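Below is one structure; the comments refer to it alone.
The values are calculated or read from the model by the stated rules, or taken from the named source; none is laboratory data. The structure presented is a predicted model; accordingly, all values stated were derived computationally and were not measured. Because the Cβ atoms are built from the backbone with ideal geometry, glycine has one as well, and the counts that use them run over all protein chains shown. Keep in mind that these areas ignore ligands, DNA and RNA; they rest on the heavy atoms of the full protein, side chains included. Shrake-Rupley method; radii C 1.70, N 1.55, O 1.52, S 1.80 Å.
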Amino acid sequence: MSHSSSRTAPQQADVVIIGGGLVGASLGVALAPAMQEHGLRVAVVEAAPLPADLETPWQPSFDARASAISRGTANHFAGLGVWDAMAERGAPIRRIHVSEQGRLGATRLRAEEFGDDALGYVMPNAWMGRVLHHQLAELPLDWHCPAKVEAIDATDAGHRLTLSTGECLEAGLTVLADGGRSGLKERLGIESRESPYEQVAVIASVEVDRDHRGTAYERFSHSGPIALLPMDGQRMELVWTFAAGSEEEALALSDADFLARLQRSFGDRAGRFRRLGKRHAYPLSLVTASESIRPGLAVMGNAAHALHPVAGQGFNLALRGVMDLVAAIEAGRVRGDAPGAMATLNDFEARRRGDRDNVIRFSDGLVRLFGRDHPVLSHARAAGLIGLNLVGPLRRTLGRRAMGLER
């Protein structure tokens with residue numbers, strides 16, 4: 001991994017990735033064959049300073065949260081050569097249990113039904129980031145860190161990026177993978193369509209008094225959806241969704257009172273909750289960029305779409321986007337097209353459109369269906385949960401979608 005020094009002449013790059021978080025780092029790793037076999041010139045611009053040892057969480061996306069990694073995402077990481085290292089800290093999801101508070105009916109999915117040992121995995125974001133950056137350190141990347149993009153200007157050949165270090169980059173393809181934090185989308189005139197859910201997710205690690213046996217729970221409670229994801233030992237990742245404002249009361253509770261309230265809302269199916277880690281709160285919205293491609297530009301990850309965590313699809317969707325962009329770049333190379341050519345980017349968009357729209361529709365529909373407290377809807381939801389247990393094809397479709405094996 002090369003660290004750039006200040007130069008006066010613009011540096012040329014075929015691909016510049018803005019953002020070295022989970023999505024940007026995954027893209028860098030996925031471009032490794034093109035760098036090594038075809039001399040693709042790739043640069044990464046990251047605002048957070050890179051620590052010397054990569055042992056501590058340092059980048060905003062490598063925070064206290066964990067991500068639900070689908071079987072399909074694990075397969076992609078295996079293809080990139082990083083899964084063995086990641087799996088050291090990944091907890092397998094062997095079962096998924098979906099239920100609604102106060103209603104009969106539940107849906108249960110088991111990995112063995114699909115001929116696999118796991119439906120997916122729960123992976124600490126900080127560990128994923130560490131593994132990806134260890135892999136990036138072995139690649140011939142031009143790494144600009146810490147640096148911010150101060151100006152981005154379209155050129156005939158792509159974009160000229162002016163960095164806070166005083167350097168200039170001439171990029172054939174610029175990839176916005178900065179999570180939308182930098183304001184670059186707005187400077188480029190790319191609007192974000194935002195639909196606030198008026199909800200806040202409270203995320204924490206909890207410990208249960210018995211073996212979770214790799215079971216992930218989705219519980220639609222009166223206060224909002226509760227997800228529990230299996231982690232190492234008897235720990236589980238809690239994602240509890242509250243109506244905006246009502247989370248403040250839960251955050252103010254002592255650990256013991258918070259666990260007691262969680263026990264009342266969730267019930268005993270996972271056992272007794274007995275220890276609680278630090279609580280973090282995140283407001284929730286459905287955010288979609290009005291444009292995902294332009295000549296010489298691709299928008300990816302949370303910069304392109306931020307989803308509700310209820311279906312656990314956000315990072316899985318983003319990684320499929322990474323793989324589709326790399327496939328489009330490779331197909332373009334065969335045709336003789338540059339990574340930033342519109343033929344390449346139109347190919348990328350064609351690969352993404354159906355998957356992206358389906359996942360957004362599915363996640364948003366799930367939130368809106370279970371986010372309304374209405375007697376008729378409640379009966380219909382309960383019947384639907386029971387029905388899913390009885391109808392094989394629907395169960396298989398739901399299971400394969402949860403595993404990231406069906407778009």
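Observations
- Set the Cα radius of gyration of the range 248-331 against 2.2 N^0.38 Å, with N its number of residues, and you get 1.64.
- Descending semi-axes in Å of the range 229-283, equivalent ellipsoid built from Cα gyration tensor: 19, 13, 11
- Taking all protein chains together, Thr155, Thr288, Thr73 sort by accessible area into Thr155, Thr288, Thr73, largest first [probe 1.4 Å].
- For the listed peptides 141-150, 112-121, a ranking on the average number of other beta carbons within 10 Å per residue, highest first, reads 141-150, 112-121.
- For the range 124-268: relative contact order, % (alpha-carbon pairs under 8 angstrom, 6 or more apart): 14
- Put simply, the C-alpha atoms of the range 108-259 give a gyration tensor, and the ellipsoid matching it has half-axes of 40, 23, 16 Å, longest first.
- Measuring nothing but how far apart in sequence close Cα pairs (under 8 Å, 6+ apart) lie, relative to its length, the range 199-344 scores a relative contact order of 23 percent.
- The value of relative contact order for the range 74-203, using C-alpha pairs under 8 Å at least six residues apart, is 14 percent.
- Per-selection Rg to Rh, the range 141-197 - Cα, Kirkwood hydrodynamic radius: 1.01
- Ranking by accessible area, most exposed first, for Glu248, Glu167 with a 1.4 Å probe: Glu248, Glu167
- His97, His280, reordered so the largest accessible area comes first (probe 1.4 Å): His280, His97
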